[in-house]
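Everything below concerns the one structure shown next.
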Amino acid sequence: RAPPAFNHEQPGVTRSQSFNDACMSSPKGWTVISRSTCVGRGREAYERARALLTRWRVMDNVAWAGVLSPAKKNEEKESPVVTYAKCYGGLMWVRNPCRQVYEDVDVPLKHRARDADCFFNQLSPSARLSQVAYSTLQGHLIRGEERLAVLWDGYEPSKDPSSSELGRVYFAIRSVSAGSGLVGSLLFPFMR
């Protein structure tokens with residue numbers, strides 16, 4: 001039996017080696033949501049975050065939503081993934097079919113910052129990016145993709161207080177989506 005098809009024509013649209021979402025394109029008319037936060041400092045924090053990311057465990061403590069994936073991934077890196085969310089005040093749970101479309105681990109970061117003061121110009125040559133993404137399949141009320149990423153700026157934190165901005169590890173989510181079909185298109189404005 002063939003796996004379900006994607007419900008859109010842009011699988012992989014969130015893939016980036018820049019971590020700079022301003023450099024990424026998205027399909028016209030789709031909603032783009034990007035969020036990021038610092039989750040620690042140094043190589044150990046990056047390795048912990050990367051391990052959670054590549055095992056789809058970054059949403060384990062979220063009470064209203066999550067991602068389920070098989071314990072063993074297939075060799076093509078396109079494992080089935082199910083997203084779930086609580087809706088209608090917790091009266092109902094919704095499960096949605098998805099497929100992992102890529103996994104990049106410890107990719108050297110390529111930055112395209114144009115502004116001389118931009119954060120990306122301060123990255124060490126040893127900066128690293130790990131990212132995974134899933135794309136929606138037929139039967140999903142939304143069409144689109146979500147990328148989860150961890151970035152380490154490459155610097156080891158030191159005891160020098162002047163370097164408090166260095167060595168940071170960031171977690172980021174980027175979602176590119178729109179309603180799918182008549183029902184999904186009608187409900188999409190209320191889902192965000």
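The values are calculated or read from the model by the stated rules, or taken from the named source; none is laboratory data. No experiment lies behind these values; they were computed from the predicted model shown. As a convention, Cβ positions derive from the backbone with ideal geometry for all residues, glycine included, and neighbour counts pool all protein chains shown.
The listed residues are Ala133, Ala178, and the only one of them that is at pLDDT 90 or above, of a type in the set (Gly, Ala, Ser) and either surrounded by fewer than 13 Cβ atoms within 10 Å (Cβ to Cβ) or closer than 19 Å to Gly12 by Cβ (or both) turns out to be Ala133.
Within the stretch 26-68, restricting attention to residues that are over 20 Å from Leu151 (Cα atoms) and small (Gly, Ala, Ser), the residue that is surrounded by the fewest Cβ atoms within 10 Å (Cβ to Cβ) is Gly29.
Pick from Pro125, Pro70, Pro97, Pro27: which is at pLDDT 80 or above and not β-branched (Val, Ile, Thr)? Show your work before the answer.
Values: Pro125 fails: at pLDDT 80 or above; Pro70 fails: at pLDDT 80 or above; Pro27 fails: at pLDDT 80 or above.
Only one candidate passes the filter, namely Pro97.
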